[in-house]
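Every number here is computed from the coordinates shown, using simple stated rules; none is lab data. A quick note: this is a predicted structure, and the numbers were derived from the prediction, not measured. No Cβ is skipped: glycine too gets one built from the backbone with ideal geometry, and neighbour counts run over all protein chains shown.
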Amino acid sequence: MVAVQETVDQVRQIDVDQYKYGFVTDIETELAPKGLSEDIVRFISAKKNEPEWMLEWRLDAYRRWLTMTEPTWSRVHYPKIDFEDLHYYAAPKSTAGPKSLDEVDPELLATYEKLGIPLREREILAGVEGAGSRVAVDAVFDSVSVVTTFKDELKKAGVIFCSISEAIREYPEIVKKYLGSVVPVTDNFYATLNSAVFSDGSFVYVPEGVRCPMELSTYFRINERNTGQFERTLIIAEKGAYVSYLEGCTAPMRDENQLHAAVVELIALDDAEIKYSTVQNWYPGDKEGKGGIYNFVTKRGDCRGDRSKISWTQVETGSAITWKYPSCILRGDDSQGEFYSIAVSNGYQQVDSGTKMLHLGKNTKSRIISKGIAAGRSDNTYRGLVSAHRKASGARNFTNCDSLLIGDQCGAHTVPYIESKNASAVFEHEATTSKIADDQLFYCLQRGLSSEEAVALIVNGFVKDVIQQLPMEFAVEAQKLISISLEGSVG
Amino acid sequence: MLEIKNLHASIDGKEILRGVDLVVPTGEVHAIMGPNGSGKSTLSYVLAGRDGYDVTDGEIIFDGENIVETAPEERASAGVFLAFQYPLEIPGVATMTFLKAALNAQRKARGEDELTTPDFMRRVKAASEKLNVTQEMLRRPLNVGFSGGEKKRNEILQMALLEPKLAILDETDSGLDIDALRVVSEGVNALRSPDRSMLVITHYQRLLDHIVPDKVHVMSAGRIVRTGGPELALELEAKGYADYAGEPA
C-alpha cells in the first residue's frame, strides 16, 4: 500500500509540528471594524458592489438573526462566542475580486503554492499528463475569492464557475432563484448569520445535459486574526447535468479560536447528479486544546428533480469544534442521497457531525456510511436523522456507523434518529464501536511495523469504504491527512 | 542463537516466569511442553517483547545481544518471529497489503532496499503455493473470516516470507484438524535450516510427530524443569503432566 508508506514518511518529516498549514501570510489586509451591525452588513455589501436586492436580503437575515439564540443541543462545549469581537470582513488589499492571474498578488500565489494548490493554469497543465485529471480551482482567501482557474474553458462547455460575489453581479436571475431555496434564511442561528454577512464562496451552474468536463474545487484559507469566515456556496445542476466538486480548507495556527460558519446549497434537477467532496483540515488547536477553528456549517442538497442524485463525501480532520450535517432532501421520485464520512478527532477536538436524509418522494433511496475515529482526549459524535414522509412510499435507507477508539481517554457517541410515516419504508441501521486493541497492535509490531505504521494501516483499513468514494487525487491526500492527524496517538 | 538466563517476568505484579534457563543453538528445533498455566505462552510473548510484561530479572541473549530492552518491532527486524496461537484480524486491510508492509518495514529497518511489487509478488506466489494459500485468500482482509486452518497457514506464510532467524510457534496445532496439521507441519519443516532456530510450544505431543524436535523441554510453574530428546514427548503423552504439577502458578 503505497499511501501507507507515504503517510508514514510524511509523519516522520513532520514530527512535532504536525499541522503543516499553520503559517501566516504577511499581506496587507483591509478589515471591517470589529462587531456586527446593519452598517457592517451594508459595508460588506458595498465592498462587493452588490445590487440593492442582495443588500435587502442580507439586512432581512441580520434582523432575524438578532432574534435568534445559539443552538445548544450538540455534544460540544466551548466558551460563549462574543460575536461583537470578530471582524466580519477581511480582504487582501491588492485584490478587490477575482481577476486574471497576472494581477494576483505574488504573495497570495506563493501561499497557495505552499499549500500545494497550483493556480497557474500553465503549470497545472505542464504538471499533469493527460487532460483527464485537471482540476479547476476557486481560491478563497479570508473573505474574498482571489482567483478562479480554467474559467474560459469551462465556459465553452456552458459551465459557470466563479465566486458567488461575481455570480450575484453577473447572473442575478439564477442566484435570486436558488439562493436560500435549500437552506432558508432562518434555518438556524449560524445559517442566518451567514446569510447576513457571507463573504465569498463558489458558484457553479451546469446547464441541461452537460457533464462538467473537469473536477471543480474551492480552496478556503483563513489568514487574518480574529476573523470569521462565512463562505457561501451554491451549486445548481440542471436536468441531466453532472458535476463533481471538491472543497479543501486550512488556516494558520493561532492561539485564539476563529469562527467559520458556512452555508452550502446544492440543487439537482431531473436526472442530474452532484458529487460534493470535502477535505476539511482547519487548524485543530494545539496539544492543550488552545486555539483552533470553530466550524459551524450548514450543508444541504435538494434532489429537486426525479431520478436526481446527490452524494456527500467528507474527510474531517481539522477544527477545534466541528458541527456539520451535510443533508439531502429527497424530493424527486426515485432520487438518491449518499453520505460518506470520515471524522477524525485527536487532542481536545470535538466533532458532532452526521447527516439528514429526508425522504419525500416515492422510491427514494439513501445510504449513510460514517466512520468516526477518536484519539487523545477528543469526543466524536455521529448524529443523524433518516425520515420518510407520508408520501414517500418505497423509501429505503441503509446506515452504517462505525467508531474506532484509540487510547482510553476519548469518546465516541452515535445518536441516530429514525422517523417513518410511511409503512412501506425500509430503514436499516448498523453500528459498531471498536478499539485498536493492544493485541492487534502487538501483532503488527511483531511483524516489524512501527506503532505509527501499525496505526496507519489499521485506520486505513477502517476507513477504506469511504476513501474509495473520493476522487483519486484526494484519496491519497486524505489517507495522509488522517495518519498525520493521528500522529502521537499511540505509545 | 538464543540463550535465556534466569528469566523472571511478571504481569500486573504477578510473577509468571520464575527463572527460565534455556539454550537453543543455531539450526536446532526445540519443543517446550507443559501443563496449562505453566508459563509457555508468557515465555513466547516475553521473547517477542510484548508490552505489559515486566522482565524483573535475567537476560535474553539473541544473536549475541541482550534484547530484554529492545522494542518488539526491532526484535522482529532482527529476526525474531512469533507465530500466534490466535492470529489477529485487521478489517479492511488485504492480507497481501499487510505482508508487503511487514516485509518492507523489516527490510527498511535493516537498511535493505524495499522490494518492488513484481519481486514481492514472485516471493508470495512461491511461498503461498506450498501452503495451499490461494490468491483469493491473499486478497481478503487479514484473518477476517479465515478458518482456523487458514489463519495458521497464513502465519506460516508470513514466517516463510520474513525468513526469521528464530521462529517461535505458539500452540500452532491448536484448532487444526489432522489434514490442516499436516499442511502446516510440512510448511514448518520446509523452513528448517541450519541458519534458523525454532522454538515449538505445544501442549500435545501430536504436533511433534510431524515436527520432530532436536530437544524437548518441560515447563512447569514458570521454569524449565526437565530437558530430554524427542522421546521425552512420548513419555509425557503416556504419563501426562501429573509429575510436573509443581506449585500453583
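Kindly put A:Trp53, A:Trp65, A:Trp312, A:Trp73 in sequence by how many other C-beta atoms sit within 10 Å of each C-beta, fewest to most.
Least to most surrounded, the residues fall as A:Trp73, A:Trp53, A:Trp65, A:Trp312.
Could you pull out every residue, at least 5 positions away or on a different chain, whose amide H is within less than 5 Å of the one on A:Thr414? Hs are placed 1.01 Å off N in the peptide plane, and Pro or chain starts have none.
Residues meeting the amide H criterion: A:Tyr382.
Just want the ordering: B:Arg75, A:Arg367, from fewest to most Cβ atoms lying within 10 Å of their own Cβ.
Final ranking by Cβ density, sparse to dense: A:Arg367, B:Arg75.
Over all directions, the average projected area of the alpha-carbon convex hull for the range B:106-249 comes to how many nm²?
Quarter of the Cα hull surface area: 10.9 nm².
Which ³J(HN,Hα) values in Hz, rounded to whole numbers, follow from the phi angles of the range A:350-367 under the Karplus curve 6.51 cos²θ - 1.76 cosθ + 1.60, where θ = phi - 60° and Gly and Pro get x?
10, 10, 10, 9, x, 8, 10, 10, 9, 8, 10, x, 6, 6, 7, 10, 9, 9
In whole angstrom, how far apart do the alpha carbon centroids of the range B:194-249 and the range A:411-431 sit?
56 Å
Please state, rounded to one decimal and in Å, the Kirkwood hydrodynamic radius that the protein assembly as shown gives when every pair of distinct Cα atoms enters the mean of 1/r.
One over the average 1/r among Cα pairs gives 28.6 Å for the protein assembly as shown.
Mind checking which aspartates and glutamates have their C-alpha under 12 Å from A:Lys435, skipping anything on the same chain fewer than 8 residues away?
Excluding near neighbours in sequence, the set is A:Asp402, A:Asp408.
Compute the distance from the alpha-carbon center of the range B:3-59 to that of the range A:167-182, in whole Å.
Taking the Cα centre of each part, the range B:3-59 and the range A:167-182 sit 74 Å apart.
How large is ³J(HN,Hα), in whole Hz, for each residue of the range A:283-288 in order, when computed from phi with the Karplus curve 6.51 cos²θ - 1.76 cosθ + 1.60 and θ = phi - 60°, using x for Gly and Pro?
Taking θ as phi minus 60°, the curve returns 4, x, x, 8, 5, 8 Hz for the range A:283-288.
5 Å is the cut-off here: which amide hydrogens, built 1.01 Å from N in the peptide plane, fall below it relative to A:Thr433, excluding neighbours closer than 5 in sequence?
A:Ser403
Once a ≥ b ≥ c are taken as the square roots of the eigenvalues of the Cα gyration tensor of the range B:35-176, is the result rounded (a/c under 1.5), prolate (a/b larger than b/c) or oblate (a/b not larger than b/c)?
oblate
Take the Cα gyration tensor of the range B:2-244, multiply each eigenvalue by 5, square-root it, and list the three semi-axes largest first, rounded to whole angstrom.
29, 21, 16
Find the all-direction average of the projected area of the Cα convex hull for the range A:246-392, expressing the result in square nanometres with one decimal place.
The orientation-averaged projected area of the Cα hull of the range A:246-392 comes to 7.7 nm².
Quick one: work out the % antiparallel among DSSP beta bridges in the protein assembly as shown, nearest 5.
20 percent
Taking the number of other C-beta atoms within 10 Å as the exposure measure, put A:Tyr294, B:Tyr86, A:Tyr89 in order starting with the fewest.
Placing the least packed residue first, the sequence is B:Tyr86, A:Tyr294, A:Tyr89.
With 30 Å as the limit, write out which pairs from A:Lys275/B:Lys151; A:Lys151/A:Lys391; A:Lys48/A:Lys299; A:Lys371/B:Lys40; A:Lys34/A:Lys299; A:Lys177/A:Lys371 have Cα-Cα distances beyond it, or answer none.
Correct reply: A:Lys275/B:Lys151; A:Lys151/A:Lys391; A:Lys371/B:Lys40; A:Lys177/A:Lys371.
Classify the range B:70-109 from the C-alpha gyration tensor, please: rounded if a/c falls under 1.5, else prolate or oblate depending on whether a/b exceeds b/c.
Verdict is oblate for the range B:70-109.
First measure r as the distance between the Cβ atoms of A:Tyr171 and A:Ala423, then evaluate 1/(1 + (r/R0)^6) with R0 = 41 Å and state the FRET efficiency to the nearest 0.05.
0.40
When chain B is modelled as a GNM with alpha-carbon springs shorter than 10 Å, which of B:Pro141, B:Pro118, B:Pro194 fluctuates the most?
Largest GNM mean-square fluctuation: B:Pro118.
Roughly how many Å is it from the Cα centre of the range B:71-114 to that of the range B:125-170, as a whole number?
Rounded to whole Å, the Cα centres lie 12 Å apart.
Assign unit charges at the C-beta atoms only (+1 for Lys and Arg, -1 for Asp and Glu), then state the dipole size of the protein assembly as shown relative to its Cα centre in Debye, rounded to the nearest 20.
Dipole about the Cα centre, nearest 20: 1940 debye.
Could you point to the residue in A:His87, A:Pro326, A:Trp53 farthest towards the positive end of the protein assembly as shown's charge dipole, with +1 and -1 charges on the Cβ of Lys/Arg and Asp/Glu respectively?
Selected residue: A:Trp53.
From the backbone phi of the range A:43-49, what are the Karplus-calculated ³J(HN,Hα) couplings (6.51 cos²θ - 1.76 cosθ + 1.60, θ = phi - 60°) in whole Hz, Gly and Pro given as x?
4, 4, 4, 5, 4, 9, 6
Send over the per residue convex hull volume for the range B:131-187, Cα only, as a whole number of Å³.
83 Å³
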